[in-house]
Structures are given as structure tokens and as C-alpha cells.
Amino acid sequence: MKRKVLSIILALGLAASSLAGCSKNVTPSGPVNQKDETEEPVAEVTEPEEVVNTEPEPEPEVTEPEPEESPEGFVLYNGGSENVYVTDIKGNKIAECNTEDLLNTDLTLGEYTSLIPLEYYDGDIFFKCSYVEDNNMWCYDIMAYNVESGNSTLVYGMGYEQTLAALDAYNDKIYIATYDYNSDDGRIRYREQAFSKNKETSVYTEEDTPINEIFEKADGYYFFTNSDNVYRYSPSMRCFTRDMDEYGHLVSLAENNICLIDSEGNAKLVDYTFEYYIQIFGYDKENVFFKSNVPYDEREAICRYSIVDNDAEIIPETEGANALCVSNGKLYYYKDLSEEYGIINNHFYAYDLESSQASMIYETRNAPGVSYNPGVQGFTIIDNQIYFIDLMDRVLKWVRVNYDESGASYTDIYCPDKEIVPLKYGNVIYESNTEKCEKCGTPLVKEYVETFVLDSKYSDYADEINRKLEVYDSDESVVTQEISDEECEEHQQNPDIYLQTNESRVSDVRFIGDKYLTVDMTGYWYGGGVHGMPSKESRIFDLTTGEEKKLSDFYSGSDADFAELVGDIVARDYDDEAEYTKGMFAVDAASAKETVVNSTELDTPVRFDEEGLYVVYAPYLLGPFASGFIEVYVTYEELLGRKAL
């Protein structure tokens, strides 16, 4: 297996935040505590006689200053984002970095395809780093990036055989747990190693852990990893050693029954029969938490099994709810209670495990033009404080929730995640419509359509452009055929089968120079079957005239000329092993070109950019559905013979 040299100082000028604040005493100007003008008499003081010490003074003891320890830190990361933040226990930012900058500028981390932050310990952010090996297999390393020095150190190489189960800073060490299915007998194998850091060299030394003896004895079991404070894209889960130390057992699932593994590696099935399939998502010393179907309802509910009482119960009013995490004696979950299709209105609850009482703590609602799950993305608990990603001033940013009986408020902790460009240049409005069967009231069609509205300060023709962007007519019915009584019975028995949904959302807005506006849309239609059909559309407008443009307004060639040009580019990219060509219906460059030429004309969707355009092919045109959209980049130099549009 290829081994990379992974101890090079980062050549990156990151503006990392200071790890320790400082204060300064200031003497205020002006008369502070001014004394009264009438002075009090001063008492006479008799100085004592000086005593002369004739013995030599002992030399002062010299003590070596203890090295400063890095403050405890918590990673805040919104899955798929470029921005990574580290805060202290109070939510104050102590470090930050940008994964895209690291991939583009760092000689060490730049060798990887992606970086996912997992944990922070002693000034180091731990990344799960991916790369493709010579055998075209995805491989993974765990790297430690020091935010102060910029040094990157390889901690553990997983290769392609192992899957990460947990990474946890515990007992002044880093614990990394992995599992694999690549053994000869096909059974799952777990392993958890501890890594100690040399404070002088910053090198991590690997050592075995006693928990591995338990894994060997309970061979073949699937162990559930735990998380007591996060619900996000890539949580740093609790290590198995921590769970065993604090709870006295690990949890597995065997034949749809909970299995407890003790510190000796003995596995014991609980003496309880679960009527429905269960999905375990967490546990503690006394409980195992899972989701299961409700006997009287088709939806799933959140449940808990009491190890002490050997009994299971449904958490009241959690049908259709989504579990977040269990932390400090409370189960956190949420429900989407929106009555409008396409709109999310999440209500968040805290269920006290001791009192068995639930209380709603806050609610959130999404905004048109912004793709995120409000209140859920980034959900993290630090020192009993909730943090998540929210929209403030056209920017998705990290906020802290403050809540009591009177309601909730949100505090900006100055860790921005992403600017929402459509809201920078205007506004996004929406229409939500549900058509029901006139006879039985079953929903047959649900539609959600967003429309971008350009701010008039960017063009004198903004009103004209906005009129052209209005494409949705809520008065136009989709259900046109007459419905029989027999069909109504089918509607009520199988409502999901007869439901058709259609969504169209504003995904991006760009200015090309100061003349052109582009508006990108994404959509998804579903009318039954295994999957629906996604769509992409991009429209371009001249800001100086209000006119909508198309490719033929810029390119003077024919359909055949354009198809030949794009085909030649794809053939070149195929020979260069460009990533997008790997998912095409092609065995060589010639067949790749032929496929493209047969699927390309001037009306093929394109997306204009600053220096070129993307020709966009929907699934099934150039490759299977699993390949998704295939996009071919054509520079304006290749298309128009000039560098700009």
C-alpha cells in the first residue's frame, strides 16, 4: 500500500484565533474617589530600630515553569461545509480552519480528497482524510493538524480494510475504534487503540487497550457506538473504553434483541421480547434507547428499555419524532409539524428521564432559498448548552440557544458557516400547493416552487426580469381527470402510491461581470416507483436590457458543431481519467465521445460561469441513475474564442 510522507509543516497563513485571552488594568482619567480638601491630622510614627541579619541569605529556589496546557476544545462542524471551528466549554471560539484552504495549499493535507473534522485535543484537530489508492479503493487516514504551528501528523492509517467506529479524546489520550468485514469468515471484527502524544515532538504513539480482549471474546458481535452530546454529519463518538468504564457494559443487537456485554466479555441477551424491529441509537448505565414501530400506528416512536426494571416503554408523544441524543439525563428529539408541503417547522423537546416529563424547548422554521434542516444541522450540546446552524443576516452561522419557561432566544457566537448568495442579491419567495381528491380528500398532488426576486438596485430592468422568473401558477390544476368511486377506495387504502410530488428550489445566483445574472434551479419529481427524477435548470439575463439569453445568443455554431466540440472535450477528459467520465456509458474515449455527441444540442441545459459553462446531462443520458448528473466544463476560449462571455 502506498505510504505518504505526512509530517510537513503547513505552508498556510491561517488566521487562527488566540488560544488565551488577556486583560489589562487601565487607570481611568478624571478625579476618581477624590479626597476631601480638609486633611485629617497625621499621627506621628516611630520607626523601629533596624535589625541587621549577619547570616547569608539562602539562594532562591529555581522552579521550571510548567508547560501551558491547551484549553479543552469542542469541534463545531456542519457536514459538507468548509469551515471548522473549535470553542471552549463556554462557546468562545479558540481556533478555526478551512478544509478547502488546507486541501488547496497544504503540501501534506493537500494529498487527500476530503477532510472531515472529528475531535480536538491538545491544540490538534483530528481529521478523517480520504484518498483513492492505486487499486481504485477509497482509503482513510486519521491526521492531527495543530492549529498553532500548522504541523500535520499521521496518527493512524486505516487503509480501505477498516471503517471508523469512534474517535474520542479520553483520559489524556486519543482512542480510535475501527471494525472490518474483510476477514476470511466474513465476521465483523472490532479493534480500539489508544494514542499518547509526546508533548515535545507532537508524535502520537500507539498502544493496545484492554477493551480488545472483550472484542476477541465477543467475536462477531456488532457493537453500537454511542454519543451523548451531538447529532451531526460526522460526530466524534464515545470510545468503547469510555462506555465500559462509565456504564459497565457495551450494547449489541442479536436476533432483534438487546445484548449486554460485560467487562469480562460475557454476552447476555436481555429477558424481554420486542414485538417490532428495533433500531438502537444510544444507551447509558441504566437504559438502552431505540426506535420501533408503534403497535397502533404505522409510524416509528422513540422507546427506552430499562436494564434495571427489564421493561420497555414508548416515550409518550414521540410517534413520528426523530431522536437527537441523550445528554445529562435528558433525551432530546424533534418533530416537523409543518402543515405546508416543502416547509420545515421543527419543534424540539427535552424529555427528562427521571421525571418522565417532556417539555418543548424551541422551534425553528426554514427559509426559502436556503437548503438546510433548521435547528437540526450541527446540533451539539456543550456544558448543557445547545448549539446549531441557523440563518442570521443572510448567513448560516453557529448560534447558542438560551431557553426557559418564557421561550427561547439565539445568540450569535461569531462562527459563520456559509453566506446565502440568493439572499445577498434579492429575495426568494415560494408557493406551496396541495391538491386533494374532491370525493375522499386524499392528497394527490403536492407542489413546492421557489422564485428568485432580484433587488432593484442591481438593475433598472429588475421588474422585467422578475416577471420572467415567475413560472408557477397556483390556480392551474394538475389533477384533470375524473375520479371514480373505486379509485377513491384505493386512494384511502394506499395514499402514498397515488401521491405525486414536485419541488423546484433556487440553488444559486451569480453575477457574471456586471452585465449578466444567472439563476440556478434544482428540482425533484416523484410519481411512484423506486425513485423520482431530479432536474437542474439555469437561466441567464442581461442586466442592462432585462432580456433573457440562451446559448445560441452567444454561440454562432450549429447543433452538430456544438455536439462535436463537447464530444472532443469528453474524449480528452476520458483519456485523462477525469472523475466524471468514470460513470459514463463508455469503454474508451471514442465511445464516450459518441455517447455525448448523440445526446448534445444547443438546447441541452447549460450553466454559465465566469470563465466558461457547464453542459448538464440528466441521469440516464450519459450514465446510469447512480452516476447522477454528469457535467462537462467548456471554457469560453474553447467555445467562443475569447476568455469572457
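Taken over the stretch 393-429, the residue count meeting the criterion of being part of a strand (DSSP E or B) and charged (D, E, K, R) is 7. Across the stretch 414-439, the qualifying residues are those that are of a type in the set (A, V, I, L, M, F, W, C) and open to solvent by 40 Å² or more (accessible area, probe 1.4 Å), and the one among them that is nearest to Arg394 (Cα to Cα) is Val421.
Are any residues in the stretch 558-567 in contact with a helix residue (DSSP H, G or I) (Cβ under 9 Å, 6 or more places away or on another chain), open to solvent by 20 Å² or more (accessible area, probe 1.4 Å) and touching a residue at least 40 places away in the same chain (Cβ under 8 Å), and if so, which ones? Passing the criteria: only Leu565.
Identify the residue in the stretch 246-255 that is open to solvent by 40 Å² or more (accessible area, probe 1.4 Å) and more than 28 Å from Tyr120 (Cα to Cα) and, among all such residues, is farthest from the chain's Cα centre (by Cα). Looking at the filtered set, the residue picked out is Glu255. Looking at Leu551, is it buried (at least 17 other Cβ atoms within 10 Å of the Cβ) and farther than 30 Å from Tyr498 by Cα? So Leu551 fits the description; yes. The condition of being open to solvent by 40 Å² or more (accessible area, probe 1.4 Å), touching a residue at least 60 places away in the same chain (Cβ under 8 Å) and more than 32 Å from the chain's Cα centre (by Cα) holds for Ala644.
Residue count for the stretch 149-197 under the criterion of being modelled with pLDDT under 90 and hydrophobic (A, V, I, L, M, F, W, C): the result is 1.
Taken over the stretch 86-110, the criterion of being of a type in the set (A, V, I, L, M) and in contact (Cβ under 8 Å) with a residue 40 or more places away in the chain is satisfied by Val86, Ile89, Ile94, Ala95, Leu102, Leu107, Leu109. Residue pairs whose Cβ atoms lie under 7 Å apart, separated by 6 or more positions or on different chains, with the first residue in the stretch 384-402 and within 16 Å of Glu363 (Cα to Cα) and the second open to solvent by 10 Å² or more (accessible area, probe 1.4 Å) and small (Gly, Ala, Ser), are Leu391/Ala367; Val401/Ala408; Asn402/Ala408; Asn402/Ser409.
If you go through the stretch 119-131 and pick out every residue that is among the small types (Gly, Ala, Ser) and surrounded by fewer than 19 Cβ atoms within 10 Å (Cβ to Cβ), you end up with 1. Only one entry of Thr434, Thr451 meets the criterion of being of a type in the set (S, T, N, Q) and over 22 Å from Lys536 (Cβ atoms), and that entry is Thr434.
Quick grid of which residues meet (1) more than 29 Å from His531 (Cβ to Cβ); (2) open to solvent by 30 Å² or more (accessible area, probe 1.4 Å):
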site: Val570; (1), (2): no, no
site: Thr581; (1), (2): no, no
site: Asp588; (1), (2): yes, yes
site: Ala592; (1), (2): no, no
site: Val596; (1), (2): no, no
site: Gly612; (1), (2): yes, no
site: Leu621; (1), (2): no, yes
site: Ala626; (1), (2): no, yes
site: Val632; (1), (2): no, no
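Might you let me know whether the stretch 619-640 holds any residue that is hydroxyl-bearing (Ser, Thr, Tyr), part of a loop (DSSP other than H, G, I, E, B) and farther than 19 Å from Asp568 by Cβ? Checked the stretch 619-640: at least one residue is hydroxyl-bearing (Ser, Thr, Tyr), part of a loop (DSSP other than H, G, I, E, B) and farther than 19 Å from Asp568 by Cβ. Pick from the stretch 443-460 the residues that are among the aromatic types (Phe, Trp, Tyr) and buried (at least 19 other Cβ atoms within 10 Å of the Cβ): which of them is farthest from Leu499 (Cα to Cα)? Ranking the candidates gives Phe452 first. The strands (runs of 3 or more DSSP E) falling completely within the stretch 157-213 that include 2 or more residues that are exposed (fewer than 14 other Cβ atoms within 10 Å of the Cβ) map to 204-208. Taken together, Asp243, Asp271, Asp262 contain a single residue that is open to solvent by 10 Å² or more (accessible area, probe 1.4 Å) and out of contact with any His (no Cβ under 6 Å at 6 or more places or on another chain), which is Asp271.
With respect to the conditions (1) over 37 Å from the mean Cα position of the chain (by Cα); (2) under 19 Å from Ile465 (Cβ atoms), Met521 lacks only one, and its number is (1). Scanning the stretch 132-145 turns up at least one residue that is under 24 Å from Tyr85 (Cβ atoms), of a type in the set (Asp, Glu) and either open to solvent by less than 20 Å² (accessible area, probe 1.4 Å) or modelled with pLDDT under 95 (or both). Considering the stretch 393-413, the residues that are among the charged types (D, E, K, R) and open to solvent by less than 40 Å² (accessible area, probe 1.4 Å) include one that is farthest from Glu100 (Cα to Cα), namely Asp412. For the stretch 89-118, a residue qualifies if it is more than 20 Å from the chain's Cα centre (by Cα), within 20 Å of Trp398 (Cβ to Cβ) and buried (at least 17 other Cβ atoms within 10 Å of the Cβ), and exactly one does: Ile94. Lys93 meets the conditions (1) modelled with pLDDT of 95 or more; (2) at positive phi in every case but one. The failed one is (2). Here Thr380, Thr434, Thr451, Thr442 are screened, and the one residue that is touching a His at 6+ places or on another chain (Cβ under 9 Å) and either under 26 Å from Tyr77 (Cα atoms) or of a type in the set (Val, Ile, Thr) (or both) is Thr442. Determine the pairs where a residue that is within 19 Å of Phe625 (Cα to Cα), located within the stretch 572-599, has a partner that is open to solvent by 100 Å² or more (accessible area, probe 1.4 Å) and outside any helix (DSSP H, G or I) with Cβ atoms under 6 Å apart, the partner being 6 or more residues away or on another chain. Here the result reads Thr595/Phe585, each pair linking the stretch 572-599 to a residue that is open to solvent by 100 Å² or more (accessible area, probe 1.4 Å) and outside any helix (DSSP H, G or I).
This table checks each residue for (1) open to solvent by less than 20 Å² (accessible area, probe 1.4 Å); (2) charged (D, E, K, R); (3) in a loop (DSSP other than H, G, I, E, B); (4) within 29 Å of Thr451 (Cα to Cα).
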residue: Tyr349; (1), (2), (3), (4): no, no, no, no
residue: Ser355; (1), (2), (3), (4): no, no, yes, no
residue: Ala358; (1), (2), (3), (4): no, no, no, no
residue: Gly369; (1), (2), (3), (4): yes, no, yes, yes
residue: Asn373; (1), (2), (3), (4): no, no, yes, yes
residue: Val376; (1), (2), (3), (4): yes, no, yes, yes
residue: Leu391; (1), (2), (3), (4): no, no, no, yes
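Pairs meeting the criteria (first residue in the stretch 257-268 and of a type in the set (Lys, Arg), second residue not in a loop (DSSP other than H, G, I, E, B), beta carbons under 6 Å, at least 6 apart or on different chains) are Lys268/Leu260. On the given criteria, is Ser552 more than 18 Å from Ile630 (Cβ to Cβ) and part of a helix (DSSP H, G or I)? It is true that Ser552 is more than 18 Å from Ile630 (Cβ to Cβ) and part of a helix (DSSP H, G or I).
The values are calculated or read from the model by the stated rules, or taken from the named source; none is laboratory data. Model, not experiment: these values are computed from the prediction. Counting neighbours? That spans all protein chains shown, and the Cβs are built from the backbone with ideal geometry, glycine included. Heavy atoms of the whole protein, side chains included, go into the accessibility calculation; ligands, DNA and RNA do not. Shrake-Rupley method; radii C 1.70, N 1.55, O 1.52, S 1.80 Å.
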